[in-house]
Each structure stands twice: as C-alpha cells, then as structure tokens.
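Worksheet: the structure to be examined is printed underneath.
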Amino acid sequence: MCLGVPGKIIEIDDSKELRMAKIDFGGIVREACLEYLPEAKVGDYTIIHVGFALSLLSEEEAMESLAMIREIINLEEELGEE
Amino acid sequence: MKYISEYRNADLVRGVIDEIARTVTRDWVLMEICGGQTHAIVRHGIDQLLPEEIELVHGPGCPVCVTPLEQIDRALAIAAKPDVIFCSYGDMLRVPGSSDDLFSIRAAGGDVRVIYSPLDAVKIAQENPDKEVVFFAIGFETTAPANVMSVMQAKMLGVRNYSILVSHVRVPPATHAILGSPENRVQGFLLAGHVCAVMGYWEYPDIAKKYDVPMAITGFEPLDIVQGILANVQQLEAGRTDIENAYPRAVTFEGNKAAQNMIAKVFRECDRKWRGIGTIPTSGWELRPEFDAFNAEKRFDVDAITTDESPLCIAGEILQGLKKPHDCVAFGKECMPENPLGATMVSTEGACAAYYKYGRGVE
Ligand code: SF4
C-alpha cells in the first residue's frame, strides 16, 4: 500500500468536486486524484499512491542522472582498460 | 515503460556496484528506511552483489509492521460490530492482532472491505447511509495526503457516517530514535524516496549533522538503490555528512506543498507507539479536534484494550536494524507467511516476508 507506482496521465476530468485523471500504468488504466498536482498535464508522468498523484517525474532530471551514471561506468571501463 | 526500464538495466546496476567496490575501503553499515526498498534489495539480490564491506540493515518503514497491536485490536473490535462496514488497505487484512485478524472477522460475517483509495470508502459511506463506514487510516507520509483528503471530502459532502481510525507515523522522528539509541549501528541512511516526494527533505539536514551520519534520498528501482548506496559510501569514505538527492526525478527539497498543507489542516503531531519498538515522541499524526466527528476512536467505545504479542517475535529489533529476520527462532518455523506471528512476516514491505520469499536464511 505504501509503494508508489509511476504512471502516465492520459485524461483529466475537471467536472467533479475533485480533480481526477485516468492514469496508464503500462497498459492498465486506473483513476487517480490530481488535487495535489494542480500543474499536471495530460502526457505527464507521475507517482501514484493509493489513488493520489503525489509528484511529477521530471524527464530532464531522469536523463541527467542516467547520463551521470553512464559517465561513472564508462570512466571505470576506461580506467580498467589501461 | 518510460522511467522504469532504464532503471532496471542490469549492466548499469552492475557498473554502479563496481564503482561502490572501488570506492569502499572499510566496513560500513547502511540502513534503508523503507520496506519497499528492503523487498527490492532482496528480490534483485542487491544485498548479495554488494562488496562484503557493506552491510544493509532494514528499517522501520513498513506501515503495516509498525501499526501498534492496540490499534489493530481496536480495528478488529470496530470491524466486528454489526452496523459497521470496515474499509482497509489490503495488506492489513492478515496482520495478526492479539487473537484475530481482519480476515477472520470477515469470515465470521463482519463486513470488511479492501479498498484501493480512501475516496472509495467515502463513496461506500454515501451509498450506505444506514451503516457506519470506518476506514483504517494507517501509513507513513505517503498515504497521509490521500487519507486526509477523504476526511475533507466527507466533510464537504456532509457525509456523517464516515470516520477514520488513525494510526499514522512519520519518518524523521524514527530516524532520530534509531540514531539516538546507544545500540545504534547505522552509519548511513537510504531515505525513503516517496516519503520525501511528499514531505521534501528539509527536515533531514539537521538530523544528519546532529548524528554525523550521511543520507541519500533513494528511489525504488535497482539502479536507484545502488545509486543511493554509492552516494552514502562516497560520503562516508570522504568523511562528509550531507544529504544527497539520488532520486531527483521525483523528489524536490520542498516536496509537495499542497499535500503538506492539507495534512497540516487535518492532522496534528502526536506521540505514537510503534509495534515492537515502543513510543517515539512526536512520531505520529492524529486528527485535529475540529475533526472529532470523523474520529473513529471518539465514535466507538473501544478503549479498554489489552494486547497480547507473541513472545517469540523480535520484529521490533529487526525494524531498528539491530537484528535480521533469520536471527528470530520462529523464522520459517512457527512463523511463516501463511501463519504469521508478527506483522513483518505479512506485509509486502516487511523484512521477514522478504527474507522468507527470496530464501535468505531459510534452509
Ligand atoms: S519471523 Fe515472525 S516471529 Fe520472527 S520476527 Fe519475523 S514476524 Fe516476528
């Protein structure tokens, strides 16, 4: 229950008391509440906890940290080859 | 899916583990706070791939495990009442109380329902105006935004037959308790990424400085976890004690302000007992008195609870990083997932369940 799952916002419904969205979890679609992420848009990735979207996933940060990891690893390979 | 597959890439994970091995020069004990991370570590075998200098001990971040026995017994007493629909997250159903669990209450005719989101419980209350609908609001900072929103929603919609049985806990006071203990072995922390996604990490620099212990905010995929470990090891080897954000794609320093504000509107801090560990000052949240009408403990007279814990269970020591599941004499013998003596053998976030499922310390 405590585990957050990343999913993609595919539809937003502003017509009810609470701002709701349809979230695609790699093929499985479920509803989630967007009240805590007023800035979220369709197409954004978010982490869902018990039916609530709680943080947006930053593509920029994701790319940057992957690049950093690749750098660490390549550096190591280069050093190892010497 | 995007944001997942890259973070499960075995070559990248191995590369970071190699870097950890090249960095480490002496023994270090690290604790992952979150039980979700414990499961990921054991499931992906990260504990077995790490250089032997690094020991991982498992933290108290399993909401089901630390919910105090009194509160489970209270839940059972309320759920057994004939006019009550008792709603709970699924993982609570098999958690042993003193003599029963929610499953057996349901088998005996109690109306116990598993829900995905607490908003579902409010809906059930609207559809059943002649019943009392009670939701077992447990968890850390990650479930609090959802749980408080259900109360706000019930209040706004004028739903009078909805109440919550609160057993909320917070991570920062628990890290204080672990680090301040004379028996503490933990030298570095993997902080729970999703707790920080909600709360930010502005509460941790003071704790890191006070106990001179580095910390890294850590996600849940294998690559996230080894990165969190690397960030700790780099700091320990260099004699630094900072907070590093090893999960920047999901976590900011401030966290989710809207969620923090809503929590502060509905909850206030309180001392809270943790199952097997004891009371930790200011470690919990309870409903503010303005929300008494939604407080199940006020609505139902279930105060005279005497509890009875299995004398074999050492889950409290496991959750403080002092012992490992296979140190328990009952592990895999009297205590198994089908017949658990303690909550850590039940939950998908419990260390005993992880060790059992992935064969650590089982012959
Ligand atoms: S194995 Fe069972 S009895 Fe032993 S500590 Fe874990 S939950 Fe408690």
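Here, each number is a calculation from the coordinates, and none is a lab measurement. The model shown is predicted, which means the values in this text are computed figures rather than measured ones. Glycine gets a Cβ as well: all are built from the backbone with ideal geometry, and neighbour counts include every protein chain shown.
Ellipsoid fit via the Cα gyration tensor, the stretch B:218-300: semi-axes of 35, 17, 12 Å, each the root of five times an eigenvalue, largest first. Helical runs (DSSP H, four residues minimum) scored at -39500 (n - 2.57) apiece and divided by the length of chain B put the mean residue ellipticity at 222 nm at -11000 deg cm²/dmol. Evaluated at q = 0.11, 0.12 Å⁻¹, a Debye calculation over the C-alpha positions of chain B (equal weights, vacuum) places log10 I(q)/I(0) at -0.75, -0.89. When Rg and Dmax are taken over the Cα atoms of the stretch B:8-60, they come to 11.3, 31 Å. The dipole here belongs to the protein assembly as shown: it is taken about the Cα centre, uses +1 on the Cβ of Lys and Arg and -1 on the Cβ of Asp and Glu, and is about 1300 debye.
State which entries of A:Lys8/A:Lys41; A:Lys16/B:Lys123; B:Lys324/B:Lys357; A:Lys41/B:Lys155; B:Lys81/B:Lys298; A:Lys16/B:Lys155 exceed 19 angstrom in Cα-Cα distance in the structure shown. Cα-Cα > 19 Å for A:Lys41/B:Lys155; rest within. Across the stretch B:93-103, coupling constants 3J(HN,Hα) worked out from phi with the 6.51/-1.76/1.60 Karplus curve, θ = phi - 60°, read 5, 9, 5, x, x, 5, 9, 9, 9, 5, 4 Hz, and Gly and Pro carry x.
Put simply, the C-alpha atoms of the stretch B:1-140 give a gyration tensor, and the ellipsoid matching it has half-axes of 42, 18, 11 Å, longest first.
Only one residue of B:Val329, B:Val57, A:Ser15 has its Cα farthest out toward the positive end of the dipole of the protein assembly as shown, where Lys and Arg carry +1 and Asp and Glu -1 on Cβ, and that residue is A:Ser15.
Each Lys and Arg adds +1 at its Cβ and each Asp and Glu adds -1 at its Cβ; summed about the Cα centre, chain B shows a dipole of about 660 debye.
By the count of neighbouring beta-carbon atoms within 10 Å, fewest first, B:Trp28, B:Trp285, B:Trp274 end up ordered B:Trp28, B:Trp274, B:Trp285. Relative to the current alpha-carbon distance between B:Glu52 and B:Arg288, full extension at 0.36 nm per residue lengthens the span by 80.2 nm.
With the biggest extent put first, the Cα atoms of the protein assembly as shown measure 77, 53, 39 Å across the principal axes. Between B:Cys34, B:Cys335, B:Cys62, the Gaussian network model of chain B with springs among Cα atoms under 10 angstrom shows the greatest mean-square fluctuation at B:Cys335. Note on A:Glu39 and B:Ile305: their simple-model spin labels are 4.1 nm apart, each label 7 Å out from Cα toward Cβ.
Please name whichever of B:Leu179, B:Ala154, B:Thr282 sits farthest to the positive end of the charge dipole of the protein assembly as shown, dipole taken about the Cα centre and charges placed at Cβ: Lys and Arg +1, Asp and Glu -1. In the protein assembly as shown, that residue is B:Ala154. Temperature 37 °C, viscosity 0.692 mPa s: under these conditions the Stokes-Einstein estimate for the stretch B:124-203, based on its Kirkwood radius over C-alpha pairs, is 218 µm² per second. Neighbours of B:Arg268, meaning other residues whose beta-carbon lies under 13 angstrom from its beta-carbon, give a summed charge of -1 when Lys and Arg score +1 and Asp and Glu score -1. Per residue of A:3-12, other chain Cβ atoms within 10 Å of the residue Cβ number 4 on average. The B:Glu203 and B:Glu317 beta-carbon pair, evaluated with R₀ = 25 Å, returns a calculated FRET efficiency of approximately 0.45. Its relative contact order, with pairs defined as Cα atoms under 8 Å and 6+ residues apart, puts chain B at 23 percent. Local charge for B:Glu52 was computed over the other residues whose Cβ lies under 12 Å away, with Lys and Arg +1 and Asp and Glu -1, and equals -3. Extent of chain A along its three principal axes (Cα atoms, max minus min coordinate, largest first): 64, 25, 21 Å.
Here the Gaussian network model covers chain B, with springs between Cα atoms less than 10 Å apart; of B:Pro248, B:Pro60, B:Pro214, B:Pro248 fluctuates the most.
Only the Cβ atoms of Lys and Arg (+1) and of Asp and Glu (-1) were treated as charged; on that basis the dipole of the stretch B:276-363 about its Cα centre amounts to roughly 400 debye.
Comparing mean-square fluctuations of A:Arg70, A:Arg30, A:Arg19 from a GNM of chain A with C-alpha springs under 10 Å, the top value falls on A:Arg70. Judged by a Cβ-Cβ distance under 4.7 Å, the unpaired cysteines of chain B are B:Cys34, B:Cys87, B:Cys196, B:Cys270, B:Cys313, B:Cys328, B:Cys335, B:Cys352.
Semi-axes of the equivalent ellipsoid for the stretch B:277-333, computed as √(5λ) from the eigenvalues of its C-alpha gyration tensor and ordered from largest down, come to 33, 16, 9 Å.
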